[in-house]
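*Asks:* Here it is: the structure, laid out below.
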Amino acid sequence: MLIRLLDERTADGFVFRVDLRLRPYGDSGPLVCSFAAFEDYLQSAGRDWERYAYVKARALTGQALFAPVQTHVLRPFVYRRYLDFGVFDSLREMRGLIAREVVRRDLADHVKLGPGGIREIEFAAQSLQLIRGGQDALLREVSLLAVLPRLRGVKLLGDAAVTSLHEAYLFLRKLENRLQMLDDQQTHSLPVEALAIERIASAMGFAGETELRAELDQQRGSVIACVGAVALPAQSAATPLLLELLALWEQHRDEQALLAALQSRAVPEAAQLVPQLVELPQAPRLRRLDAIGRRRLAALLECLLTQLPAVQAPLLLRRLLSIIEAIGQRSAYFSLLLENSGARQRLLTVCAQGDFLAARIAAHPLLLDELLDAEVLQQLPLRATLQADLNARLAEVAGDEPDRQVEALYRFQRAALFRVALADLIGGLPLMQVSDRLTEIAELITESAMQMAWQQMVERFGTPSCCDTPGGALRAVRVAAIGYGKLGGRELGYASDLDLVFLHDSMGEQQQTTGDAPVDNQLFFLRWAQRLLHLLTVHTGAGRLYEVDMRLRPSGNGGLLVTRIEAFAEYQYGEAWTWEHQALLHARAVAGDPLLRQRIEALRLDVLQNAVHREDLRQRVQDMRERMRRELSAAKAGQFDLKQDRGGIADIEFLAQYWALRWAQQYPAVVLYADTIRELETLASGALVAQETVDSLVQAYQAYRAVLHHRSLDGLGGVVEADLFVDQRAAVTAIWNAAMTSGDVL
């Protein structure tokens, strides 16, 4: 009855044409099915082309009833939670079917199905939506024009491609409308009658048929070029090398035939590659690959092998194969690299840099997604870019899914660290810029984790409040995090932990939450800190964010997890040891309420100027340093511990700290900065330490840290041979002796 009401032709015409062929089981399926039957169909019989169709599906009526089906049934069917590059195979197949249909029915002038037509634009956009839509909610959009700029935002389409496809889509849809307006027919082909096509040209704003066809050819040509960059044409016939690579999974493989096939394609050092390739099918994740997965992998291997550089080909292949083994259970990743030559070449570039980046990808295959961006090897991400990426990832996760929120934080961290490492190793960036970005990543994650934990505790206990004056109004309590050590000094490395201290400004007699079941603020802070530490350190399916060290809080491990700022001040003025004031030099507020962060910085400066025991400062610093050398050095005979041995990093840091604390009262500028290099440079600017002395220390400090940094990337420690840095060590030691023995400032 509904269908008849809509599309039955009467003397007055009809309302809409109705097509029900997209229903489950098509023409043979029931006109109406239950939600349960719909779910069962998608899970058992849903096909790839239906995933494309449902990208543009939405409920017209009964939206509230359909919402659970949309969320729990249809969305998982359409959008996979992982990067789904396997859709390229189905896109290629569907394009082939359409192309054959166009030839069979002579549809060259068909603006919808013909070459460069509307359908190709839709397929291109929908394919990219299917690839990333499971991870990026912004791509789950039914409107093509709305999704095109979003594809540019996630680097799946370039600016020129988005502009071309947008313009072509508008032109072709307008032309489609004009064609159907001509005789009120559902047609998509240019008319053959001269008068009719002249009418179409005029309606499109052209002087005649020649101009119309020229513009149509130009627009369709641009679509063909853009779509060709998204989905490659059908793969060529199997080559001898491809056949031999496929045969690796057979029991009777011929290693000599494989070697001959490699040599025929001029693969470098082929004889040394054969053993690695022969062992590949025995990897647990590759042993049970289905026929489609084996074909994808063999084709990918053929591409990679023929692109291997002549230098260190076996070593490079080992790194590549470690990544291939890691992604073996998701052969869609093989399609990613097979279909995208740029990503494949960038992977080769990454693996050529050493084990660190390759190991990162093998441990976290989602990082392959980063290689889609052509600019990933060329620039260091700015803080604003990092913040936008983090916000986008968190926006995809509901606030009531804490586990997925942590996973989103972790994936952001992995991707951001990977991008920094790429710029570091390939771009040769200065160490200080790399440390700045690594520090910013930690700050953004800490801020987000604090907000998550706060929201979860507020939902349970209410908002912690206090009254500053008797009888006054309640106000919300503020919290902030202080970063110490490498975090405070903006000197984080790739594997650094976070030294954190948390402060609050609750005060007065009335200190409790405002919830239905109020609790004392201190209990709230305890639960909040416990939850925050859990978020930052918990092992999830995606991994762990950071190691967190809170031993620098007042009274160490015996102190409160979150301290009142007044109590923190009392401790710093009255009880803190000299080494704690040294630590405060490398401290700064890194997250939390802006007003409280300002108070913390003002307190820090005042403590460093007015609370330091300067009468025996030099002896205290020297004693602590000698104790550290004895207890912490990992060097053996003939070795040098870059950090702890005499003339190393710690000596330079202690010198900067000693001078800064010594002069802070007379020259407050020397304690403004939390990092060692700027502390030293400020001392030189104030003529407190000779410029040549500072230059010598800074040069040694940067050299030590650069080596330590790159050794950590290779999984090595901070101990090197003793014949390295002889001059730098001697220079630092001489400065140390002069400053600590006689007290002279050089």
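*Asks:* Of the residues A738, A700, only one is in a helix (DSSP H, G or I), at negative phi and either at pLDDT 95 or above or crowded, with 16+ Cβ neighbours inside 10 Å (or both); which?
*Replies:* From the options A738, A700, the qualifying one is A700.
*Asks:* Among what's in the range 342-373 and is under 15 Å from the mean Cα position of the chain (by Cα) and assigned to a loop (DSSP other than H, G, I, E, B), pick the residue that is modelled with the highest pLDDT.
*Replies:* Here the answer is H364.
*Asks:* Identify, please: which residue in the range 316-341 is in a helix (DSSP H, G or I) and of a type in the set (S, T, Y) and is, among those, farthest from R544 (Cα to Cα)?
*Replies:* So the residue we want is S341.
*Asks:* What pairs come out if I take residues in the range 596-612 that are closer than 10 Å to A664 by Cβ and pair them with residues that are charged (D, E, K, R) and part of a helix (DSSP H, G or I) whose C-beta lies under 9 Å away, six or more apart or interchain?
*Replies:* V612/R662
*Asks:* From the list A656, A738, which residue is outside the structural domain of P430 (by TED's automatic domain parsing) and in contact with a Ser or Thr (Cβ under 8 Å, 6 or more places away or on another chain)?
*Replies:* Going through A656, A738 in turn, just one is outside the structural domain of P430 (by TED's automatic domain parsing) and in contact with a Ser or Thr (Cβ under 8 Å, 6 or more places away or on another chain): A656.
*Asks:* I've got another one for you. Restricting the range 439-478 to residues that are part of a strand (DSSP E or B) and touching a helix residue (DSSP H, G or I) at 6+ places or on another chain (Cβ under 7 Å), which is farthest from A529 (Cα to Cα)?
*Replies:* Top of the filtered list is C466.
*Asks:* Output the qualifying pairs, or none if there are none: Cβ atoms under 6 angstrom, residues six or more apart or on different chains, first residue in the range 341-356 and touching a residue at least 60 places away in the same chain (Cβ under 8 Å) and buried (at least 16 other Cβ atoms within 10 Å of the Cβ), second residue part of a helix (DSSP H, G or I) and of a type outside the set (D, E, K, R).
*Replies:* Sorted first by the residue in the range 341-356, then by its partner, the pairs are V350/L357; Q353/L425; F356/L713.
Rundown of residues vs (1) in contact (Cβ under 8 Å) with a residue 40 or more places away in the chain; (2) among the basic types (K, R), yes/no style:
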site	(1), (2)
Q639	yes, no
K643	yes, yes
L655	yes, no
V671	yes, no
T682	no, no
L688	yes, no
L716	no, no
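*Asks:* When the residues of the range 12-39 are filtered to those that are surrounded by 15 or more Cβ atoms within 10 Å (Cβ to Cβ) and part of a helix (DSSP H, G or I), which remaining residue is farthest from the chain's Cα centre (by Cα)?
*Replies:* Of everything passing the filter in the range 12-39, F38 is farthest from the chain's Cα centre (by Cα).
*Asks:* Is it true that some residue in the range 482-494 is more than 26 Å from A388 (Cα to Cα) and of a type in the set (A, V, I, L, M)?
*Replies:* No.
*Asks:* Considering only the range 40-49, state which residues are in a loop (DSSP other than H, G, I, E, B) and surrounded by 12 or more Cβ atoms within 10 Å (Cβ to Cβ).
*Replies:* G46
*Asks:* Can you go through S496, S506 and tell me which one is under 25 Å from Q582 (Cβ atoms), in a loop (DSSP other than H, G, I, E, B) and either in contact (Cβ under 8 Å) with a residue 24 or more places away in the chain or not charged (D, E, K, R) (or both)?
*Replies:* So the residue among S496, S506 that is under 25 Å from Q582 (Cβ atoms), in a loop (DSSP other than H, G, I, E, B) and either in contact (Cβ under 8 Å) with a residue 24 or more places away in the chain or not charged (D, E, K, R) (or both) is S496.
*Asks:* If a residue counts only when it is more than 25 Å from E653 (Cα to Cα), which helices (runs of 4 or more DSSP H) contained entirely in the range 519-626 have at least 2 such residues?
*Replies:* The helices (runs of 4 or more DSSP H) meeting that bar are 521-537, 565-574, 594-610.
*Asks:* Shifting gears a bit: Of the residues V420, V397, only one is out of contact with any Cys (no Cβ under 9 Å at 6 or more places or on another chain) and outside any helix (DSSP H, G or I); which?
*Replies:* That would be V397, the only listed residue that is out of contact with any Cys (no Cβ under 9 Å at 6 or more places or on another chain) and outside any helix (DSSP H, G or I).
*Asks:* Considering each residue of the range 162-193, count those that are small (G, A, S) and out of contact with any strand residue (DSSP E or B) (no Cβ under 7 Å at 6 or more places or on another chain), and give that number.
*Replies:* The number of residues fulfilling the criteria is 2.
*Asks:* Testing Q511 on (1) touching a residue at least 40 places away in the same chain (Cβ under 8 Å); (2) out of contact with any Cys (no Cβ under 8 Å at 6 or more places or on another chain), one condition comes back false. Which one is that?
*Replies:* Going through (1) touching a residue at least 40 places away in the same chain (Cβ under 8 Å); (2) out of contact with any Cys (no Cβ under 8 Å at 6 or more places or on another chain) one by one, Q511 breaks only (2).
*Asks:* Could you please let me know if L65 is part of a helix (DSSP H, G or I), surrounded by 14 or more Cβ atoms within 10 Å (Cβ to Cβ), under 37 Å from the mean Cα position of the chain (by Cα) and of a type outside the set (D, E)?
*Replies:* no
The values are calculated or read from the model by the stated rules, or taken from the named source; none is laboratory data. In this text the structure is predicted, and so the values were computed from the model without any measurement. Note: ideal-geometry Cβ built from the backbone for every residue, glycine included; neighbour counts use all protein chains shown.
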